[in-house]
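Values in this text are rule-based calculations from the coordinates and carry no lab data. As the structure is a prediction and not an experimental result, all values here were calculated from the model. Heads up, the Cβs are rebuilt from the backbone with ideal geometry, glycines too, and the neighbour counts pull from every protein chain shown.
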Amino acid sequence: MKGIIEMNQNDLKALVGQAAVDQIESGMVVGLGSGSTVAYLIKALGKRMQEEPLQIETVTTSRQTMQLAQAVGIDCRQIDEVRQIDLTIDGADEVDADFQGIKGGGGALLWEKIVNQSSTRNVWIIDESKLVDRIGRFGVPVEVIPFGSQKLFQILADRGYHPQWRMQGDQLFKTDEGNQIIDLKTGVIAHPHALARDLASTAGIVEHGLFLDAVDLVIVGRSSGVELMK
Ligand code: 5RP
């Protein structure tokens, strides 16, 4: 059996995925986030739903998550078919000491943010490598509409944000809404709220990956065990 000391990143993701299932109660409308950590949550949730009569409704933050959930027998609804979402459990790419985060590594940030803002409670599940002093080294993904995106790319470059196109093979990455992703290689961000305001007020940007004041609980997988933060 694997000792706790030998745990690798995937083991830690599995640990928090499993721990997060305990946050879910019968009667809830649950938002399911995106990414490899959430994939472990979905697997654990599917297992729990086979073992006990857990009555929940779910919505997903990406088509990929919907496919994963359906594959383990979890029924998914469209977001506008459900009342208020009680709890959303999602992954994150970076989380700082003030619980500010960056998401969008998987390109699902737009649906993730809509589900996040529609949820009474938001929980993030991360392995300890995602904890940082200050967010920014990961970069900030922004989802942009195709119209004028080359012009927008130049504007972002002129502002010193070091934009890079997100690619999938030799094609531009395409989001679930048919948009493109530009990754801003900002480095550590001194003023996340100011950057968020700047990006939100720029035409062509549909959404950005700065998730500020957006989480209620962070479940961290550490080699020493699971830690609940906040
Ligand atoms: C997708 C996301 C993911 O939640 C984030 O990238 C974390 O993914 P992973 O659990 O695979 O590290 O924001 O858009």
Here the percent of antiparallel bridges among DSSP beta bridges lying wholly in the chain, to the nearest 5, is 55 percent
For region 1-119, restrict the atom set to alpha-carbon positions and state the Rg and Dmax in Å.
14.2, 45
Please identify, among 136, 187, 17, the residue showing maximal mean-square fluctuation in a Gaussian network model of the chain using a 10 angstrom Cα cutoff.
187
Which trypsin sites (Lys or Arg not before Pro) in region 33-83 sit in a loop by DSSP (not H, G, I, E or B) and have at most 11 other Cβ atoms within 10 Å of their own Cβ?
83
Multiplying the sequence separation of residue 63 and residue 134 by 0.36 nm and subtracting their Cα-Cα distance, what value in nm do you get?
22.5 nm
Where a ≥ b ≥ c are the square roots of the eigenvalues of the C-alpha gyration tensor, would you call region 11-78 rounded, which needs a/c under 1.5, or, failing that, prolate if a/b is larger than b/c, or oblate?
oblate
Choose one of 69, 105, 91: the residue whose Cα lies farthest towards the positive end of the charge dipole of the chain (beta-carbon charges +1 Lys, Arg; -1 Asp, Glu; about the Cα centre).
105
Evaluate 2.2 N^0.38 Å with N set to the residue count of region 140-207, then give the Cα radius of gyration divided by it.
1.06
For the cross-link pairs 103/185; 185/230; 113/151; 13/174; 43/130, which exceed 19 Å when the distance is taken from alpha carbon to alpha carbon?
185/230; 113/151; 13/174; 43/130
Given a 10 angstrom Cα cut-off, can you work out which residue in 58, 202, 37 is the most mobile in a GNM of the chain?
202
Need one number: nm distance between label points at residue 83 and residue 150, each 7 Å from Cα along Cα→Cβ, rounded to one decimal.
5.1 nm
Gaussian network model of the chain, Cα springs within a sub-10 Å range: biggest mean-square fluctuation belongs to which of 57, 81, 94?
81
For the pair residue 52 and residue 201, what calculated FRET efficiency results from E = 1/(1 + (r/R0)^6), where r is the Cβ-Cβ distance and R0 = 41 Å, to the nearest 0.05?
0.30
What dipole magnitude, in Debye to the nearest 20, does the chain give about its Cα centre under +1 on Lys/Arg Cβ and -1 on Asp/Glu Cβ?
400 debye
From the mean inverse distance of alpha carbon pairs (Kirkwood) and the Cα radius of gyration, derive Rg over Rh for the chain.
0.98
Region 140-207, dipole about Cα centre (Lys/Arg Cβ +1, Asp/Glu Cβ -1), debye to the nearest 20
200 debye
Candidates per GluC sites (Glu not before Pro) in region 149-230, loop by DSSP, up to 13 other Cβ within 10 Å
177
